[in-house]
Amino acid sequence: MTTVQVSHVSKAFGEVKAVQDVSFEVYPGEVFGLLGPNGAGKTTTIRMMLDIFRPDQGTISIFGGKLTEEKKNRIGYMPEERGLYKDLKLEPTLIFLATLKGIDEATARARLGPWLERFDLQDYRQQKIQNLSKGMQQKAQIIATLLHDPDLLVVDEPFSGLDPVNTRLVKDIIEELRQQGKTIIMSAHQMHQVEALCNRIVLINHGRTVLYGEVAQIKRDFAGNALTIEGQGDFTNLPGVLEARRHNGTWNLTLDVGVDSQDVLRAIMRQDNVKLERFEIAEPSLEDIFVTVVQHAGQEEAAHA
């Protein structure tokens, strides 16, 4: 049975169509990526899932049906904007938030100790949240999301403000939760983190679903849309190339949909003062695919405007 089923949902605010015909399913024991550029409709979709907004069209099923108050206690939601009471102390705030999710204070207190220790916050339990660093506040927000042991977690930018050590810790925790059969929906802009954690994704652009499926299959479908180039010359502004990035002397090119890599090669060789040392078709990263799909969709919309 699906944990979350979003079917053809739409939502408008006045003349602004925030979400238009978005569909996807999420299953127990998976980390699912909800992706899109800024303003794509991700947050609106999440808020409809959590019954904060009601969809104008379409249906949403959570744990097999309509979202009830009892089901809400089985959900942990971490918004991108921190929602902690900054002028209150860390420990009582986290305990209070857990009791709002249906567990008693004694249980919340017993669970909190190990989490504070794991996140290295035990020495700050009586500190006001506003006195904590940005990274500490992010870790506190994660604890608040996990403390009531939810079956469904919706996390928006979970790695924001975290150093590499704590980023790895959060990734380990997400994987542990997945192995326990929890359902995790993750929205993030760090595509390498999404690629490492998510087995399936949906990409929303201008409120519409533009890509949906298994990450491995999506990467196979877009094979040939990325090139690795080394040499001397100008490899920017080539026809059919959406993005050209240079790192340590190596160029990584992202091609538009339908562009033949051999056409790019011929365009390079027609240039003066070019010395090509390496030209290789590369497996596209999820970031390359994101750029390709979003920019291609933007070009199609502009052409039809």
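The values are calculated or read from the model by the stated rules, or taken from the named source; none is laboratory data. Since this is a predicted model, take the numbers as computed values, not measurements. As a convention, Cβ positions derive from the backbone with ideal geometry for all residues, glycine included, and neighbour counts pool all protein chains shown.
Annotations for the structure displayed:
- Within the stretch 7-55, if we keep just the residues that are in a strand (DSSP E or B) and β-branched (Val, Ile, Thr), the residue that is farthest from residue 77 (Cα to Cα) turns out to be 16.
- Lone qualifier among 14, 29, 39, 58 - being out of contact with any Cys (no Cβ under 8 Å at 6 or more places or on another chain), at pLDDT 95 or above, farther than 25 Å from residue 174 by Cα and among the small types (Gly, Ala, Ser): 58
- Among residues of the stretch 8-47, those that are over 23 Å from residue 196 (Cα atoms), touching a residue at least 24 places away in the same chain (Cβ under 8 Å) and among the hydrophobic types (A, V, I, L, M, F, W, C), counted: 5
- Residues in the stretch 53-93 that are of a type in the set (D, E, K, R) and closer than 24 Å to residue 3 by Cβ: 54, 56, 66, 69, 70, 71, 72, 74, 80.
- Those residues of the stretch 196-220 which are surrounded by fewer than 18 Cβ atoms within 10 Å (Cβ to Cβ) and more than 27 Å from residue 171 (Cα to Cα), in sequence order: 208
- Every residue from the stretch 223-256 that is buried (at least 16 other Cβ atoms within 10 Å of the Cβ) and either β-branched (Val, Ile, Thr) or not assigned by TED's automatic domain parsing to the domain that holds residue 286 (or both): 229, 241, 254
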